[in-house]
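Asker: Please read through the structure below; I'll follow up with questions.
The values are calculated or read from the model by the stated rules, or taken from the named source; none is laboratory data. No experiment lies behind these values; they were computed from the predicted model shown. Here the Cβ positions follow ideal geometry from the backbone for every residue, glycine too, while neighbour counts run over all protein chains shown.
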Amino acid sequence: MGLESYLLGKDGEKLAESYLTSRGYSIIETNFHSQQGEIDIVAEESGCLVFVEVKSYSYRSYSLPVFAVKKSKKENIIHAARYYLYKKKIRGKRCRFDVIAIYKNSKNETVIELFKNAFGVK
Amino acid sequence: MLVKTFSAAILGLDAYIIEVEVDSQRGLPGQSIVGLPDLSVKESRDRVRAAIENSGFEIPASYFTINLAPADTKKEGPIYDLPIALGMLIVSEQIKRSIKDAVILGELSLDGCVRRINGILPICMSLKEQGMRSVIIPHENRDEAALVEGLAVIPVKTLKQAADYISGKEAIKPHKVDIRSFFPPEPEWGIDFLDVKGQGHVKRALEVAAAGGHNVLLVGSPGSGKTMLARRLPTILPPLSLNEALEVTKLFSVTGLLNGKKALITTRPFRSPHHTTSDIGIIGGGRIPRPGEVSLSHHGVLFMDEFPEFKREVVEVLRQPLEDGQVTISRAHSTLTYPAEFMLVAAMNPCPCGNYMDNTKKCICSSFSVQRYWNKLSGPLLDRIDLHVEVGRLKEDELAKQPDGEPSKIIRSRVARCRELQGVRYSGSKTFCNGRMTPKQVREYCKLESEAEELLKSAILHLNLSARAYDRILKISRTIADLAGSADIQACHIAEATQYRMLDKQGR
């Protein structure tokens, strides 16, 4: 990973945090690591635990950013989420997975899109 | 939280009630369907998700377990989309009321529209027998469902409309139809016996066959009009009664042949399978057996063109349905019985080149190859064919003439009268036409006058007729006598009937 894209990712996560906070999410944890994967942001919104994956782009790709979360990536996030629930001893709480896409449009403005309940376990 | 809705599954021509249970649990979001769903049921997950979102509802973030009970029978088809979607909306409290007494059926498209499904008529009939009172069905299926009286049929066009109906926001009137309006005063065939030039004796033979429900074998050279004549046979058969129409429609409904154009089939079916059709295609089959051509021609005509070209096993499987008027198919999963009360019309050439019986063209086949061609016909099956008719090539002057003869309508009225007569005679027994008489009934109803008996005896002697032919001739003469309105079988009836046993005369 080049320094440039690392910084882009870091910037994106900062942007996402402030965006979520403004939308009434309270951030619980960022960059939660497990062996199988990582969760960018763990937050809570109206009683629901939300695992957020942040996708940042330096340009607008042709496909929707939400499709950039591939099957293997989803599985990693789900694994990590399971591990999180186990480690924090959370049971019987509503959970969901959101995806935030951050990219620059043709007018060079930064666009943030939030996909609520973007995917689930099979 | 748990919500139950009702749907139905179809097995053969009967349906049983399926409970669709939707349970939502907290935890990581997701969905699973249990209760032996097949692939099309499993795929409903994606259709339901898209339909819910595109109807302006939300997919709640919960883990849904969907159970189709009873859990030990396999569920197939997309008809559970609508009950699953409504169950998910009720459980997530986006619909504020629950529904207890209605059965819900329907496939969803991604935009939230409810699509038509197969088998609505048999499902609704079974549901009524099982005491259900109301059913929510796709709008396109409304006429078909409303054929069942005493069931409140609620047609819905979209998932949103169904949701509004259950929550009480929108009232939908139960759909009603007038069954009589489906029966046209004069059926539209587009073809008529008047179209056929010449061939008066074949037309007469087909009239006899139609009147008595006899099976027919047409033998003739290529281009003599066998197919044209056979196709016109349904136009002289008596119109379907309401019960018969419902039986035929049920079979077409489960096979998905209704196409949404007509809710009730009121004309007799004419099925003409190609000679490469497999035995399963003819008789029906599959993991869960589906009706084959014999059942689709129930109360109608099964026409087998180029009869000797059909594979031997295909022809042999016809024996049971021809005898019993129904066919029982057994598979590991289930054993089902479908009705198959049809008239068999077979057509064939007299030899491989087709000119064997032709006076103008020379046959180039060796006697061995002609023999081999005829040997393809199985004896037991020929046994079940009453009339053998030779269809000759038309002469030049006949071809140039305008079509003559009677229109189908007049012939049909005679046939219908004759069938009524038989209905009275056989009332109380399983038999419904002369072609289906049991040996005992032949003895009882086919009493001959002394003159007629003498004629039949001499026919047997001089034409070298077999014992098998004897019974057939009696049955055909009964029909001919019925057509003539005669209570007894007279010598002239016997004389005509012996004309229809061409193959016996040739010693085949």
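Asker: Using the structure shown, decide if B:LEU89 is surrounded by 20 or more Cβ atoms within 10 Å (Cβ to Cβ), within 31 Å of the chain's Cα centre (by Cα) and either hydrophobic (A, V, I, L, M, F, W, C) or closer than 23 Å to B:GLY30 by Cα (or both).
Answerer: Answer is no for this residue.
Asker: Can B:GLN94 be described as among the polar types (S, T, N, Q) and either more than 29 Å from B:ALA263 (Cα to Cα) or within 14 Å of another protein chain (Cβ to nearest Cβ) (or both)?
Answerer: yes
Asker: Select from the range B:17-36 the residues that are surrounded by fewer than 20 Cβ atoms within 10 Å (Cβ to Cβ), within 35 Å of the chain's Cα centre (by Cα) and either within 14 Å of chain A (Cβ to nearest Cβ) or without any contact (Cβ under 8 Å) to a residue 60 or more places away in the chain (or both) and list them in ascending order.
Answerer: B:GLU19, B:VAL34, B:LEU36
Asker: Select from the range B:38-90 the residues that are in contact (Cβ under 8 Å) with a residue 40 or more places away in the chain, within 14 Å of chain A (Cβ to nearest Cβ) and not in a helix (DSSP H, G or I) and list them in ascending order.
Answerer: Matches in the range B:38-90: B:PHE57, B:PHE64, B:THR65, B:ILE66.
Asker: Which one of B:LYS169, B:LYS100, B:LYS128, B:LYS160 is charged (D, E, K, R) and within 24 Å of B:GLY30 (Cα to Cα)?
Answerer: B:LYS160
Asker: Further question: On the basis of being farther than 18 Å from B:ARG204 by Cα and surrounded by 12 or more Cβ atoms within 10 Å (Cβ to Cβ), does B:VAL442 make the cut?
Answerer: yes
Asker: For the range B:146-183, how many residues are of a type in the set (Gly, Ala, Ser) and closer than 12 Å to B:LEU86 by Cβ?
Answerer: Qualifying residue count for the region: 3.
Asker: Here is a follow-up. Regarding the range B:214-230, can at least one residue be identified that is farther than 30 Å from B:VAL370 by Cβ, at pLDDT 90 or above and touching a helix residue (DSSP H, G or I) at 6+ places or on another chain (Cβ under 8 Å)?
Answerer: Within the range B:214-230, none of the residues are farther than 30 Å from B:VAL370 by Cβ, at pLDDT 90 or above and touching a helix residue (DSSP H, G or I) at 6+ places or on another chain (Cβ under 8 Å).
Asker: Considering each residue of the range A:78-92, count those that are charged (D, E, K, R) and within 11 Å of chain B (Cβ to nearest Cβ), and give that number.
Answerer: Counting residues in the range A:78-92 that are charged (D, E, K, R) and within 11 Å of chain B (Cβ to nearest Cβ) gives 2.
Asker: Please work out which one of (1) more than 20 Å from B:ILE410 (Cβ to Cβ); (2) more than 21 Å from the chain's Cα centre (by Cα); (3) modelled with pLDDT under 90 is the condition B:PHE182 fails and give its number.
Answerer: (2)
Asker: Of these, A:VAL99, A:VAL111, A:VAL66, A:VAL52, which one is within 14 Å of another protein chain (Cβ to nearest Cβ) and modelled with pLDDT under 85?
Answerer: Result: A:VAL66 is the single residue among A:VAL99, A:VAL111, A:VAL66, A:VAL52 that is within 14 Å of another protein chain (Cβ to nearest Cβ) and modelled with pLDDT under 85.
Asker: Between a residue in the range B:242-265 that is among the polar types (S, T, N, Q) and any residue that is assigned to a loop (DSSP other than H, G, I, E, B), which pairs come within a Cβ distance under 7 Å, given they are 6 or more apart or on different chains?
Answerer: Between residues of the range B:242-265 that are among the polar types (S, T, N, Q) and residues that are assigned to a loop (DSSP other than H, G, I, E, B), the close pairs are B:THR249/B:LEU264; B:THR249/B:ILE265; B:SER253/B:ASN118; B:SER253/B:GLY119.
Asker: In the range A:75-98, which residue that is in contact (Cβ under 8 Å) with a residue 40 or more places away in the chain and closer than 18 Å to B:PHE64 by Cβ is farthest from the chain's Cα centre (by Cα)?
Answerer: Looking at the filtered set, the residue picked out is A:LYS93.
Asker: Filter the range B:253-273 for residues that are touching a Gly at 6+ places or on another chain (Cβ under 9 Å) and over 20 Å from B:ALA15 (Cβ atoms); which is surrounded by the most Cβ atoms within 10 Å (Cβ to Cβ)?
Answerer: Across the range B:253-273, the extreme among qualifying residues is B:ARG268.
Asker: Looking at (1) under 23 Å from B:ILE120 (Cα atoms); (2) touching a Ser or Thr at 6+ places or on another chain (Cβ under 7 Å), which is the only condition B:VAL315 fails?
Answerer: The one condition B:VAL315 does not meet is (1).
Asker: Regarding B:ARG417, is this residue charged (D, E, K, R) and either within 28 Å of B:ILE236 (Cα to Cα) or assigned to a loop (DSSP other than H, G, I, E, B) (or both)?
Answerer: It is true that B:ARG417 is charged (D, E, K, R) and either within 28 Å of B:ILE236 (Cα to Cα) or assigned to a loop (DSSP other than H, G, I, E, B) (or both).
Asker: Could I ask something else about it? Name the single residue that is surrounded by the fewest Cβ atoms within 10 Å (Cβ to Cβ) among those in the range B:141-179 being among the basic types (Lys, Arg) and part of a loop (DSSP other than H, G, I, E, B).
Answerer: B:LYS173
Asker: Next up: Report every pair of residues separated by at least 6 positions or lying on different chains whose Cβ atoms are under 9 Å apart, first residue within the range B:92-111 and over 23 Å from B:GLY77 (Cβ atoms), second surrounded by fewer than 20 Cβ atoms within 10 Å (Cβ to Cβ) and of a type in the set (Phe, Trp, Tyr).
Answerer: Partner pairs satisfying both residue conditions: B:SER92/B:PHE57; B:GLN94/B:PHE57; B:ILE95/B:PHE57.
Asker: Going by the structure shown, is B:ASP14 without any contact (Cβ under 8 Å) to a residue 24 or more places away in the chain and either outside the structural domain of B:LEU251 (by TED's automatic domain parsing) or under 31 Å from the mean Cα position of the chain (by Cα) (or both)?
Answerer: The answer is no for B:ASP14.
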